[in-house]
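Q: Here it is: the structure, laid out below.
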Amino acid sequence: MTTLFAAAFISVTLVAFIWIAYPIAIWFLARSMPQRHQLSPVRGFEQRISVVLATRESAELIERRIKNLLETDFPGAKLDVVVALDAGGAHATIAELSHLDPRVRVVLGDQPGGKASTLNAGVRTATGDVIVFADSAQIFDRRTLPELLHYLDDERFGAVSGALTLGGAEHGTSPVHAYWRLEKWLRHNESMLHSSIGVTGAVYAVRRELWPVLPVGTLLDDVYVPMSIILAGHRVGFTYAARAIDVRAFGSDAEAVRKTRTLTGVLQLLHLLPDLMSTKNPVRIQFVMHKLARLATPFLLAVFAGASASMLLLFMMRYPQQALPPLIVFVIFVSIVPPLRRVCVGGIRWLYVLQMATVRALNNGLRARWSVWQDPK
């Protein structure tokens, strides 16, 4: 029993350290060094912006997205949009989009297709001093582009991430909403200390001269790009003021597909950017805790669940009269109260599919299997 208790205690303590203690430590350190996050004074709109929209969506959806991108408080004369169509299977053609606003250019992504090749083609075509990256499914606030550029007025920063809002509201109750609230809060505090570990692919900006050409097949451009910029000696910021709103609702299965891809991408980065784990990386501890340590979560939870179940079984065998009645009452209560039953069943399902996504990602990483891109819709 003592060994089982120790296993349960150590495993749950490590999970708490990864998911709770580390974010709190970053929050404390960020506020202990206020000079690290004081931005330089705003100089105004002195730079040009090119928005790169890498997509394989339909012409109708692309047109709606472009309309939103051009409805901004940023001066229109200093703004242009590059639509890069995925050569691996875009649903729109250059001819279908030829009638768009004069500020819009449409190009075909590089072969063999995929997001990395499409982004490379888009950036190569862009002429702005700052490149803003957007996805097809979200919409920007009118202040999103000005706020991104405002952050890059500070010469210490080479890139800045905006904030993704899911479901059009921050008060969503699904595990995905809870995860993104934590993720944004953590990235914000990491950027105050030094740099955000990763950016939001749907809304971020990079100084054009710092763009690293993406290797073909890169799964996680929104971590490869900022980490390359950090390794080059710059910081990566985060701002809540630049928002991308995604009104889609993701179920557990769709989120599991996305998590498998993104976590596989984290492991791929160790091959693409070997300096991530060297002293050349000023945020290597943050990278390990934010990205790599989380991969141990399913195994730690399995140890905790196994040890706890074993202790419960031993207790029930030793003291059946004390253990069985409360357990039976609990099972009956959950069964007859629909809201509680839905919460329990839904929570268990979310926990299972997301941890299995991590296991699949680890398997992909061990096998160097990087061809895992799937549409989570």
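Q: Does segment 246-275 hold any residues that are under 14 Å from the mean Cα position of the chain (by Cα) and either of a type outside the set (Lys, Arg) or closer than 30 Å to Pro146 by Cβ (or both), and which are they? Working first, answer last.
A: Our first condition is that a residue be under 14 Å from the mean Cα position of the chain (by Cα); within segment 246-275, this holds for 246, 255-266.
If the condition is that a residue be under 14 Å from the mean Cα position of the chain (by Cα) and either of a type outside the set (Lys, Arg) or closer than 30 Å to Pro146 by Cβ (or both), then Asp246, Glu255, Ala256, Val257, Arg258, Thr260, Thr262, Leu263, Thr264, Gly265, Val266 are the ones that fit.
Q: Going by what's in this entry, would Leu210 be described as of a type outside the set (Val, Ile, Thr), touching a Gly at 6+ places or on another chain (Cβ under 6 Å) and more than 25 Å from Arg124 (Cα to Cα)?
A: So Leu210 does not fit the description; no.
Q: Could you check segment 79-128 and list, in sequence order, the residues that are without any contact (Cβ under 8 Å) to a residue 40 or more places away in the chain, within 16 Å of Ile62 (Cα to Cα) and not hydrophobic (A, V, I, L, M, F, W, C)?
A: Result: Asp86, Gly89, His91, Thr93, Glu96, Ser98, His99, Asp101, Pro102, Arg103, Arg105.
Q: Hey, another quick one. Which residues, taken from segment 57-67, are basic (Lys, Arg) and free of Cβ contacts under 8 Å to residues at least 40 places away in the same chain? Give the steps one after another, and end with the answer.
A: Looking only at segment 57-67, we keep the residues that are basic (Lys, Arg), and these are 64-65, 67.
Correct list: Arg64, Lys67.
Q: Here is a list of conditions, (1) surrounded by 15 or more Cβ atoms within 10 Å (Cβ to Cβ); (2) within 28 Å of Phe157 (Cβ to Cβ); (3) at pLDDT 90 or above, and Leu4 meets all of them except one; can you say which number that is?
A: The one condition Leu4 does not meet is (2).
Q: If you don't mind, there's one more thing I want to ask. Would you point out which residue out of Ala87, Ala77, Ala116 is within 26 Å of the chain's Cα centre (by Cα) and part of a helix (DSSP H, G or I)? Even if it seems obvious, please write down each step before you answer.
A: Values: Ala87 fails: part of a helix (DSSP H, G or I); Ala77 fails: within 26 Å of the chain's Cα centre (by Cα).
None of the other options fit; the residue is Ala116.
Q: Of all residues in segment 124-138, which are hydrophobic (A, V, I, L, M, F, W, C) and at pLDDT 95 or above?
A: Of all residues in segment 124-138, those hydrophobic (A, V, I, L, M, F, W, C) come to 126, 130-134, 137.
Result: Ala126, Val130, Ile131, Val132, Phe133, Ala134.
Q: Tell me which residues, restricted to segment 20-73, are at pLDDT 90 or above, of a type in the set (Ser, Thr, Tyr) and in a loop (DSSP other than H, G, I, E, B).
A: The initial filter retains those residues of segment 20-73 that are at pLDDT 90 or above, namely 20-30, 48-73.
Subsequent filtering for residues that are of a type in the set (Ser, Thr, Tyr) retains 22, 50, 55, 58, 72.
Those that are at pLDDT 90 or above, of a type in the set (Ser, Thr, Tyr) and in a loop (DSSP other than H, G, I, E, B): Ser58, Thr72.
Q: Also, quick follow-up: Just to be sure I understand, how many residues within segment 141-188 are within 14 Å of Arg243 (Cβ to Cβ), among the hydrophobic types (A, V, I, L, M, F, W, C), over 17 Å from the mean Cα position of the chain (by Cα) and at pLDDT 90 or above?
A: 2
Q: Quick one: which residue in Ala121, Ala159, Ala126 is in contact with a Pro (Cβ under 7 Å, 6 or more places away or on another chain) and under 27 Å from Trp370 (Cβ atoms)? Spell out how you get there, then give the answer.
A: Details: Ala121 fails: in contact with a Pro (Cβ under 7 Å, 6 or more places away or on another chain); Ala126 fails: in contact with a Pro (Cβ under 7 Å, 6 or more places away or on another chain).
Answer to the selection: Ala159.
Q: Can you tell me which of Arg258, Arg243 is surrounded by 14 or more Cβ atoms within 10 Å (Cβ to Cβ), in contact (Cβ under 8 Å) with a residue 60 or more places away in the chain and in contact with an Asp or Glu (Cβ under 6 Å, 6 or more places away or on another chain)?
A: Working: Arg258 fails: in contact with an Asp or Glu (Cβ under 6 Å, 6 or more places away or on another chain).
Matching residue, one of Arg258, Arg243: Arg243.
Q: Which number in (1) in a loop (DSSP other than H, G, I, E, B); (2) under 21 Å from Ala368 (Cα atoms); (3) without any contact (Cβ under 8 Å) to a residue 12 or more places away in the chain marks the one condition that Gly233 misses?
A: Exception for Gly233: condition (2).
Table: residues versus (1) in the same structural domain as Trp180 (by TED's automatic domain parsing); (2) surrounded by fewer than 16 Cβ atoms within 10 Å (Cβ to Cβ); (3) at pLDDT 95 or above.
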position: Leu272; (1), (2), (3): no, no, yes
position: Arg318; (1), (2), (3): no, yes, no
position: Gln322; (1), (2), (3): no, yes, no
position: Leu327; (1), (2), (3): no, yes, no
position: Val353; (1), (2), (3): no, no, no
position: Arg367; (1), (2), (3): no, yes, no
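Q: What about Asp141, is it acidic (Asp, Glu) and out of contact with any helix residue (DSSP H, G or I) (no Cβ under 9 Å at 6 or more places or on another chain)?
A: Numbers: acidic (Asp, Glu): yes; out of contact with any helix residue (DSSP H, G or I) (no Cβ under 9 Å at 6 or more places or on another chain): no.
Against the criterion (acidic (Asp, Glu) and out of contact with any helix residue (DSSP H, G or I) (no Cβ under 9 Å at 6 or more places or on another chain)), Asp141 does not qualify.
Q: Now for a different question. Would you confirm, using the coordinates I've provided, whether Thr127 is polar (S, T, N, Q) and surrounded by 19 or more Cβ atoms within 10 Å (Cβ to Cβ)? Talk me through it step by step, then tell me what you get.
A: Working: polar (S, T, N, Q): yes; surrounded by 19 or more Cβ atoms within 10 Å (Cβ to Cβ): no.
Spelling it out, it is not the case that Thr127 is polar (S, T, N, Q) and surrounded by 19 or more Cβ atoms within 10 Å (Cβ to Cβ).
Q: Would you be able to say whether some residue in segment 203-215 is closer than 25 Å to Arg65 by Cβ, among the basic types (Lys, Arg), at pLDDT 95 or above and not in a helix (DSSP H, G or I)?
A: yes
Q: Looking only at segment 243-282, how many residues end up being in a helix (DSSP H, G or I), among the hydroxyl-bearing types (Ser, Thr, Tyr) and out of contact with any Phe, Trp or Tyr (no Cβ under 6 Å at 6 or more places or on another chain)? Spell out the reasoning first.
A: Our first condition is that a residue be in a helix (DSSP H, G or I); within segment 243-282, this holds for 252-272, 274-277.
Now narrow it down to the ones that are among the hydroxyl-bearing types (Ser, Thr, Tyr): 252, 260, 262, 264.
Okay, now just the ones that are also out of contact with any Phe, Trp or Tyr (no Cβ under 6 Å at 6 or more places or on another chain), so 260, 262, 264.
Adding up the residues that qualify gives 3.
Q: Separate question: Quick check: is even one residue across segment 90-102 among the aliphatic types (A, V, I, L, M), surrounded by fewer than 17 Cβ atoms within 10 Å (Cβ to Cβ) and either touching a Gly at 6+ places or on another chain (Cβ under 8 Å) or farther than 27 Å from Ile229 by Cα (or both)?
A: First pass over segment 90-102, keeping only residues among the aliphatic types (A, V, I, L, M): 90, 92, 94-95, 97, 100.
Going one step further and asking which of them are surrounded by fewer than 17 Cβ atoms within 10 Å (Cβ to Cβ), we end up with 94-95.
From what is left, the residues that are either touching a Gly at 6+ places or on another chain (Cβ under 8 Å) or farther than 27 Å from Ile229 by Cα (or both) are 94-95.
Checked against the condition, which is being among the aliphatic types (A, V, I, L, M), surrounded by fewer than 17 Cβ atoms within 10 Å (Cβ to Cβ) and either touching a Gly at 6+ places or on another chain (Cβ under 8 Å) or farther than 27 Å from Ile229 by Cα (or both), segment 90-102 yields at least one hit.
Q: Exactly one of these conditions fails for Thr262: (1) assigned by TED's automatic domain parsing to the domain that holds Tyr151; (2) under 24 Å from Phe140 (Cβ atoms). Give me its number.
A: Tallying (1) assigned by TED's automatic domain parsing to the domain that holds Tyr151; (2) under 24 Å from Phe140 (Cβ atoms), Thr262 fails exactly one: (1).
The values are calculated or read from the model by the stated rules, or taken from the named source; none is laboratory data. Being a predicted model, the structure only gives us computed values, none of them experimental. A quick note on method: Cβ atoms are made from the backbone with ideal geometry, for glycine too, and the neighbour counts reach across all protein chains shown.
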